[in-house]
Amino acid sequence: MPSPENKKPKKRIGVFVCHCGKNIAETVDVERVAKTIKEEYPDVVFSTDNHYLCSEPGQKEIQDAIRGKNLESFICACCSPSMHEATFRSLAEKSGLNPYQVEIANIREQCSWVHSDIKEGTEKAIKIVGTKVEKVAENESLTPISVDVNKDCLVIGGGITGIQAALDLADAGYKVTIVERAPYIGGHMAQLSVTFPTLDCSQCILSPKTSAVAHHKNIELITTAEVVNVSGFVGNFSVDIKKTPRYVDSDLCNICGECEKACPVIVPSEYDGGIGPRKAIYLPFAQAVPSTYVLDADNCLGIHPLVCSKCKDVCEQNAINYDMQPEIITRTFGVIIVATGYDLYNINKIPEYAFGPDVDVIDSLQFERMLYVGGPTNGKVLRPSDHKKPETVVFVQCVGSRDPEHHMAYCSKICCTYTGKHAMLMKKKDPNAEVYVFYIDIRAAGRGYEEFIQRAQEMGVVYIRGKPSKIFRDGDKTKLWVANTLTGERLEVEADLVVLAPAIVPSKGTKELANVLKASLDEYGFYKESHMKLRPVESYIQGILIAGVALSPKDIPESVAQGSAAASKAMTILAKPKLEHEPIVATVNSEVCVGCKVCQGLCPYDALSFDNENNVSVVNEVLCEGCGTCVSACPTGALSLKNYSTDQLEKMIKAALRTETT
Amino acid sequence: MPEILNPKPKIVAFFCKWCSSKAADIAGVSRMEYPPNFIPIMTPCSGRVEPEFIFDAFAEGADGVLVAGCHLGECHYVVGNYKTLKRMILVKKLAKEMGIEEERIRVEWIATAEAKKLVTVTNDMVNKLKHLPPCSSKLKGVTQEEKTND
């Protein structure tokens with residue numbers, strides 16, 4: 001143990017321990033922390049506690065101490081660095097210190113909030129602060145490395161969220177590339193009949209936006225494409241986009257429709273939720289953007305040579321080319337916005353609801369397509385089994401939602417209101433139809449949503465509180481067993497058509513894309529924002545923004561708002577002339593490096609190269625991301641990571657295990 | 001019930017800045033509770049944890065070391081955690097030679113969202129180490145020898 005008396009400080013360090021009201025002080029004796037640290041570490045020339053360090057008076061106390069005590073560096077023992085590291089670093093800068101002379105000791109999230117015993121909490125807090133004293137004592141003063149910013153933005157996903165983000169950015173003068181997996185943009189909104197609570201025609205409000213995307217000089221649209229690889233960092237992401245061929249040249253196609261007439265293959269249309277047909281060469285829907293045919297290679301006969309070429313034979317424009325190949329497009333972007341949206345929960349995982357075995361049990365998106373005037377039934381609600389008008393229609397909510405034991409624990413948020421819309425439209429189409437809604441609770445938060453549900457009830461829709469236990473076919477009817485949880489009655493309902501409202505789940509491929517982006521997902525597979533309240537559209541990775549249902553279930557207004565929010569966040573990065581790159585990078589001491597090349601090949605960023613002339617490794621500071629993986633491998637100690645040197649970490653380990661001398 | 005040989009095992013936890021450290025923050029925000037035996041040391045990546053650090057920790061009196069990084073394939077720095085995995089296999093082998101029980105070195109992949117996993121892992125580790133004697137006694141000889149070689 002070093003004895004404090006006979007050691008002169010190497011560096012004048014200040015320690016400020018925050019009470020955070022009672023948040024820290026309840027489980028950590030902050031005064032004792034401040035006192036012990038000063039006694040134990042000779043470099044600590046000043047230490048104190050403060051009620052709220054982040055407040056103006058708190059910051060002033062730090063500033064005064066920096067001047068009054070000639071501090072060279074300081075530690076704030078407070079909340080997580082994700083909260084106030086930036087605050088205290090800029091305070092340091094204002095007070096004439098280098099921002100890298102500040103360290104945060106996280107004694108709230110990682111100490112006071114997770115422990116209840118004040119003695120143990122205090123001991124742990126002292127150790128945490130001790131590790132940071134050892135670290136800051138050796139911290140170098142660093143200056144951020146300045147790098148160029150690529151001004152282009154990538155938007156992944158062309159639903160309403162992505163469209164809004166792209167349009168906002170493009171209107172502000174930035175070049176935007178939208179990558180969409182489907183052959184058209186518009187996402188799920190393009191499939192809706194009308195939208196709640198105004199009952200606006202969905203296509204009528206969406207198509208001006210899709211059309212604006214198609215004609216905007218700053219927007220490039222790449223459909224039937226996916227992002228397969230991302231490297232680089234904020235300001236300079238290098239992205240590989242895999243484009244699957246459409247087999248139709250969009251510049252030549254004049255959408256005459258002859259090919260579709262000639263095509264002999266009929267398959268269920270994904271756009272119509274499988275309840276309508278399409279050909280193997282098709283235009284997804286009239287307003288589709290890009291407005292061009294697409295050939296579905298999985299079902300087409302002609303892709304396999306000489307079997308069929310009927311569409312090619314009738315195409316006067318010669319737009320069809322079976323020999324198109326998938327291509328990888330590599331581009332650089334400054335910012336990436338992820339707006340990959342959702343899918344519906346696979347109802348086959350709920351076998352007791354007979355979705356599939358009973359064709360008269362459909363999902364809400366299929367019902368939506370039935371309601372659409374231009375849809376497969378021309379806007380008529382018909383039973384799939386016999387194409388007759390249903391007399392009794394039953395809607396079931398929370399199919400897979402709010403079921404933590406078996407399915408998804410969360411509320412899918414939009415189902416209550418859209419089911420209200422469906423029930424209301426059903427009543428409008430046929431006032432004599434009996435319409436029931438089975439629900440757990442009605443959650444219709446949003447302007448005008450509760451009134452909307454009440455309107456549905458006034459129109460004669462019967463709401464019964466209860467979740468069906470079983471749905472099954474009985475003759476030409478579908479039966480539901482359900483307990484009314486308000487009256488306690490057991491009911492058996494006979495229905496002609498049952499419409500299920502499945503949970504909203506992350507779209508297929510979210511996990512794969514998240515892996516490519518290195519973005520975090522939550523337990524259900526939705527993207528995780530870097531702060532739920534204060535950074536709602538930022539991922540943990542700088543320069544990667546997330547918006548819309550990719551984060552959690554949302555309705556259209558919220559998705560649009562998040563699209564705009566992401567665009568504005570993107571602009572805060574793209575508008576900068578230069579970006580600052582974290583200066584915590586690896587360095588080589590060429591005196592010590594023996595040229596063993598153990599580090600070569602460890603760097604995923606190609607930041608390490610080898611100088612053959614001098615027989616030493618060289619680090620490119622702009623490319624180095626500062627992970628330190630190469631440093632850990634260096635057998636001679638020639639490589640070091642700035643402010644995470646081996647010496648520093650070893651001293652931190654020592655401090656973590658130190659027993660108090662007093 | 002096995003005998004408790006070390007009621008308060010001391011553990012150094014190397015947390016990756018991008019995942020497990022954030023998971024620990026979320027555990028805090030959610031007011032989960034776990035044993036206070038863990039002193040966190042945040043590194044930019046689990047790949048920055050040198051094999052020597054593990055032995056340093058034991059030499060300084062640790063009873064256990066936790067190295068927590070991102071799940072394989074999800075490393076913020078692409079492949080850092082693969083290097084960690086390889087290094088820690090080696091560390092465990094070496095440690096075994098030195099008489100350090102396997103339970104004392106734990107490598108876990110804990111994503112940002114997995115605060116619950118962090119709590120489970122820390123509880124489990126403490127429970128296991130309580131039934132082992134303090135590590136410091138048995139290492140004295142080895143580390144001194146190492147030091148003289150330096």
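The single residue among A:Ser193, A:Ser250, A:Ser231 that is surrounded by fewer than 22 Cβ atoms within 10 Å (Cβ to Cβ), in contact with a Phe, Trp or Tyr (Cβ under 6 Å, 6 or more places away or on another chain) and of a type in the set (Gly, Ala, Ser) turns out to be A:Ser193.
Per-residue answers, yes or no, for (1) exposed (fewer than 15 other Cβ atoms within 10 Å of the Cβ); (2) touching a strand residue (DSSP E or B) at 6+ places or on another chain (Cβ under 6 Å); (3) part of a loop (DSSP other than H, G, I, E, B):
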| residue | (1), (2), (3) |
| --- | --- |
| A:Tyr605 | no, no, yes |
| A:Asn614 | yes, no, yes |
| A:Cys627 | no, no, yes |
| A:Ser632 | no, no, no |
| A:Glu650 | no, no, no |
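Only one residue in B:Gly61, B:Gly69, B:Gly80, B:Gly47 is surrounded by fewer than 24 Cβ atoms within 10 Å (Cβ to Cβ) and either within 7 Å of chain A (Cβ to nearest Cβ) or under 21 Å from A:Ser80 (Cα atoms) (or both). Which one?
Only one candidate qualifies: B:Gly61.
For segment A:43-56, state whether one or more residues are under 26 Å from A:Arg658 (Cα atoms) and assigned to a loop (DSSP other than H, G, I, E, B).
There is at least one residue in segment A:43-56 that is under 26 Å from A:Arg658 (Cα atoms) and assigned to a loop (DSSP other than H, G, I, E, B).
The single condition among (1) more than 30 Å from A:Arg32 (Cα to Cα); (2) at the interface with chain B (Cβ under 7 Å from one of its Cβ atoms); (3) assigned to a loop (DSSP other than H, G, I, E, B); (4) of a type outside the set (Gly, Ala, Ser) that A:Tyr644 does not meet is (1). Put simply, of A:Ser539, A:Ser568, A:Ser564, A:Ser590 the only residue that is surrounded by fewer than 22 Cβ atoms within 10 Å (Cβ to Cβ), polar (S, T, N, Q) and at pLDDT below 95 is A:Ser590. The residues in segment A:59-111 that are within 27 Å of B:Pro35 (Cβ to Cβ) and among the aromatic types (Phe, Trp, Tyr) can be counted, and the count is 0.
Determine if segment A:616-624 includes at least one residue that is under 24 Å from B:Phe14 (Cα atoms) and either touching a helix residue (DSSP H, G or I) at 6+ places or on another chain (Cβ under 9 Å) or not in a helix (DSSP H, G or I) (or both).
Scanning segment A:616-624, I find at least one residue that is under 24 Å from B:Phe14 (Cα atoms) and either touching a helix residue (DSSP H, G or I) at 6+ places or on another chain (Cβ under 9 Å) or not in a helix (DSSP H, G or I) (or both), so the answer is yes.
For segment A:276-303, which residues satisfy the criterion of being of a type in the set (Gly, Ala, Ser) and under 20 Å from A:Met324 (Cα atoms)?
Scanning segment A:276-303 gives A:Ala280, A:Ser291, A:Ala297, A:Gly302.
Scanning segment A:604-641 for residues that are within 14 Å of another protein chain (Cβ to nearest Cβ), more than 20 Å from A:Ser141 (Cβ to Cβ) and in contact with a Cys (Cβ under 7 Å, 6 or more places away or on another chain) yields A:Tyr605, A:Ala607, A:Leu608, A:Cys627, A:Thr629, A:Cys630, A:Ala633, A:Cys634, A:Pro635, A:Thr636, A:Ala638, A:Leu639.
Candidates in segment B:9-34 are the residues that are more than 29 Å from A:Leu517 (Cα to Cα) and more than 8 Å from every other protein chain (Cβ to nearest Cβ); of these, the one that is farthest from the chain's Cα centre (by Cα) is B:Pro9.
In this structure, is A:Cys599 buried (at least 20 other Cβ atoms within 10 Å of the Cβ), over 30 Å from A:Tyr41 (Cα atoms) and more than 10 Å from chain B (Cβ to nearest Cβ)?
yes
Do we have any residue at all in segment A:622-630 that's in contact (Cβ under 8 Å) with a residue 40 or more places away in the chain and more than 30 Å from A:Asp148 (Cβ to Cβ)? No - not one qualifying residue is present in segment A:622-630. Filter segment A:440-492 down to residues that are under 21 Å from A:Lys413 (Cβ atoms) and basic (Lys, Arg) and give me whichever is surrounded by the fewest Cβ atoms within 10 Å (Cβ to Cβ). Taking the candidates together, the pick is A:Arg447. Restricting attention to segment A:311-342, which residues are surrounded by fewer than 18 Cβ atoms within 10 Å (Cβ to Cβ), over 29 Å from the mean Cα position of the chain (by Cα) and not β-branched (Val, Ile, Thr)? A:Asp313, A:Glu316, A:Gln317, A:Asn318, A:Asn321, A:Tyr322, A:Asp323, A:Met324, A:Gln325, listed by residue number. Meeting the requirement of 3 or more residues that are under 25 Å from B:Glu97 (Cβ atoms) and not charged (D, E, K, R), the strands (runs of 3 or more DSSP E) wholly within segment B:1-77 are B:11-16, B:64-69.
The values are calculated or read from the model by the stated rules, or taken from the named source; none is laboratory data. Note that the structure is predicted; figures quoted are calculated from it, not measured. No Cβ is skipped: glycine too gets one built from the backbone with ideal geometry, and neighbour counts run over all protein chains shown.
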